[in-house]
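What follows draws every value from the coordinates through simple rules; no lab data is involved. Note that the coordinates shown come from a computational prediction; the quantities given were computed from them, not determined experimentally. Virtual Cβ from ideal backbone geometry, glycine too; neighbours counted across all protein chains shown.
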Amino acid sequence: MKKISSLFFAIFLIIGFVKAEDKKLVSPDGILVVTVSANNGAPTYSINYNGKLFLKESPLGMKTNIGDFSQGLILNGKVSEQKIDETYELPNIKQSKVHYVANEGVYSFLKDNKPAFDVIFRVSKNDVAFRYKVYPQKDRLSCIVNEETSGFVFPEGTTTFLTAQSKAMVGFARTMPSYEIPYKADAPMGENGQGNGYTFPCLFKVNDSGWVLISETGVDSRYCGSRLIGRAGGLYTIGFPMEEENNGNGTAAPGLALPGETPWRTITLGETLAPIVETTVPFDVVKPRYEASQKYKYTKGSWSWIIKMDGGTVYDVQKQYIDFSADMGYETVLVDALWDTQIGREKIAELAKYGATKNVGLYLWYNSNGYWNDAPQGPRGIMDNTIARRKEMAWMKSIGVRGIKVDFFGGDKQVTIKQYEDILYDANDFGIMVIFHGCTLPRGWERMYPNYAASEAILASENLFFGQRSCDYEAFNACLHPFIRNAVGSMDFGGSALNKFYNANNTPGRGSKRITSDVYALATAVLFQSGVQHFALAPNNLTDAPEWAISFMKEVPTTWDEVRFIDGYPGKYVVLARRHGEKWYVAGINAQKEPLELNVKLPMLQAGAELKLYSDDDQLNGKVSTTKMNKKQEIELTIPGNGGALLVK
């Protein structure tokens, strides 16, 4: 009898020990629960939302050159918890005033009875963010992280909305990855892209439970950018850059000074797509890296290159576009590649002086590259060198240049992330804003770097010029971006073209043909969020585009105070509402063949309110009318395939 009692007592101790290893962190509203464990010495976590399992037990940890911190670990029973309650304002994201409330838990893992790392979790209403803090080992005050074993295990039957990571040093002038691979929608799990994983952010539909968006934020010169690697059994893990990126220069594995912290991995989840579209977690968990040297302005502008290509980067055309911007009430013109040879510095100074008389400033294009790719467009050999870069920026400041667009990065290595940061930091000294193209995803940079404007990191408008297939799939792609790429950061798409044909004179039969409607073009100016916008409009649109379309493009804001998801499904259709001040813009587009008929509920608008309605008929001919909200605060919208709808109040 005594032996049986002892056996039961031993089993009780074992069970008690297992339970003691499971630590739960609950969101302030009590709906989202993260469970952290040490499973046979391997750190793990899982996520439940509203009683449903969204992420199964998933791995944590890392392997470094000073120790393997993925196994043989013990979870310290003592957890440090605190409530985060912060407010901040940011003019160039989807919501200008943010109140961030979260619960934070710090989970310490020991190896050989010594601190290995902490995993810091933040859990807010619909968001989970976690990062590692790595501690010195003996006399080691630095380390190389050879592998992050952080992963995400999805339930069976989950489908994916992902864009593959391209091979390195391929494509135009060996500039890839440029983060411009098409998405696959509603695809099954079990693949790994084209063999190199997937580009952040990554969207998943968890059966009938809801949606999950995975990304990262807070990436700066102290780490590298990452990707997601698809594995068997519903597992996706963190992948570091490829060795071949940037012509093999720089290490693929990041280095950390110890104690040191990694970037945040972010997980946004909900039963609908509203939390995905509306999340601010990329900015909630980061802090500014430096103070703004001045108050920066977020503007609209014009851009000749998208219609006229390289041949348009000449003095007379750019002067024409300055006039065009002035006519539109825009404040900038983007002068694209080859201005150094086709216009010259003296003439650029003349353009800047002329633009100032019209209250139009210049953005100038630069090649990022030195030794890492073969892109021939100039100016080259400036943005990769501190001395040359600061001298150039001093010149730009002297002639009143507003900002720069830096292109052709092609990599996520720590040395490359440092170049992004160095460009931003130096530009701030001279009051210059920065747009990146041929570049990686911005990771919280709107808050971290006050003069950061936007990044491409998407299959953007230039591809509409390059081929008809991109035009044919324009609406499909546009119905993905608000749920994926644009959900986590400003997206410099350069769209809203009103030319019917992508050529210099809008000549029928030449170049690719736009198959979307004019109302669609206006709607994307609302759907695509970026504080600075250079639209694909052309001077000829003043006479060949509908007057109501030009009037709308003159007034549409580029900064927003609030966003609300109304309806949609990735790749099929989307309806969003954005507020600027007291004015609401409701925009919808349809990528499906059949007309979309919706009964849209708009609780932010009062019953009886009169709205301006931009709509398409079945031939994609647009018109403007007025309508009123009914007593239920609902309105019926019909959107044909490749068409759009807009409501303005």
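A few points about this structure:
- Sorted fewest first by neighbouring Cβ atoms within 10 angstrom, E278, E582, E636 come out as E582, E636, E278.
- Note on D327/K583: beta-carbon distance plugged into 1/(1 + (r/R0)^6) with R0 of 22 Å gives a FRET efficiency of 0.45.
- Cross-link pairs exceeding 21 Å between alpha carbons, from the set K97/K295; K56/K83; K133/K167: K56/K83; K133/K167.
- The ranking of D429, D118 from fewest to most other beta carbons within 10 Å of each one's beta carbon is D429, D118.
- Fully extended contour minus Cα-Cα distance, from K63 to R231, at 0.36 nm per residue: 58.6 nm
- Shape metrics for segment 300-559, restricted to C-alpha atoms - Rg then Dmax, Å: 17.4, 49
- Reported to the nearest whole Å, the Cα centre-to-centre distance from segment 84-159 to segment 263-291 is 12.
- Paramagnetic label reach from E562 (point 7 Å along Cα→Cβ; backbone nitrogen cut-off under 15 Å): within segment 92-131, residues 94-99.
- Principal-axis analysis of the Cα atoms of the chain puts helix 2-21 at an angle of about 20° to the longest axis.
- Between helix 315-328 and the chain there is an angle of about 80 degrees, using the helix long axis and the longest principal axis of the Cα atoms.
- Against the chain, whose longest principal axis comes from its Cα atoms, helix 386-399 is set at around 40 degrees.
- With the highest mean first, a sort of the peptides 360-370, 599-609 on other beta-carbon atoms found within 10 angstrom per residue produces 360-370, 599-609.
- Summarising the label geometry, the points placed 7 Å from Cα in the beta-carbon direction at K125 and K631 lie 3.0 nm from one another.
- Net charge over other residues, Cβ less than 14 angstrom from the Cβ of E350 (K, R count +1; D, E count -1): +3
- Distance in nm between pseudo-label sites at E86 and L258 (7 Å out along the Cβ direction from Cα): 2.7
- Segment 206-359: C-alpha gyration tensor shape, a/c 1.5 cut-off, then a/b vs b/c: prolate
- Under 21 Å from the Cα of K138 - lysines, other chains or at least 8 residues apart: K63, K111, K114
- Each label was represented as a point 7 Å from its Cα along the Cα-to-Cβ direction; for L53 and S293 these points are 5.4 nm apart.
- Taking 15 Å as the cut-off, the amide N atoms of segment 198-222 that come nearer than this to a point 7 Å along the Cα-to-beta-carbon line of Y569 belong to 205-211.
- Charge tally for G225 (other residues, Cβ to Cβ under 9 Å; Lys, Arg +1; Asp, Glu -1): +1.
- Shape category assigned to segment 185-274 from the gyration tensor of Cα positions, a/c cut at 1.5: oblate
- Cβ-to-Cβ counts within 10 Å put T268, T313 in ascending order as T313, T268, the fewest first.
- Multiplying the residue separation of A394 and A173 by 0.36 nm and removing their Cα-Cα distance gives an extension gain of 76.6 nm.
- Within the straight-line cut-off of under 17 Å between alpha carbons, the aspartates and glutamates reachable from K23 are E57, E81, E104, D118, sequence neighbours fewer than 8 places apart in one chain being disregarded.
- Other residues lying with their Cβ under 10 Å from the Cβ of T149 contribute a combined charge of -2, Lys and Arg counting +1, Asp and Glu -1.
- Gyration tensor (alpha-carbon) shape descriptor, segment 109-262, a/c threshold 1.5: oblate
- Contour excess over end-to-end distance, with Cα ends at N39 and D429 and 0.36 nm allotted per residue: 135.4 nm
- Cα-based Rg of segment 584-648 normalised by 2.2 N^0.38 Å, two decimals: 1.08
- Computed E for E597/E191 - FRET, C-beta separation, R0 25 angstrom, nearest 0.05: 0.10
- Derived from the Cα gyration tensor, the three semi-axes of the equivalent ellipsoid of segment 22-284 are 26, 25, 19 Å, largest first.
- The convex hull drawn around the Cα atoms of segment 508-588, when projected onto a plane and averaged over every direction, covers 6.5 nm².
- Trypsin sites (Lys or Arg not before Pro) restricted to DSSP loop in segment 216-299 with at most 11 other C-beta within 10 Å: K295
- Helical contribution to [θ] at 222 nm, DSSP H n ≥ 4, -39,500 (n - 2.57), averaged over the chain, rounded to 500: -6000 deg cm²/dmol
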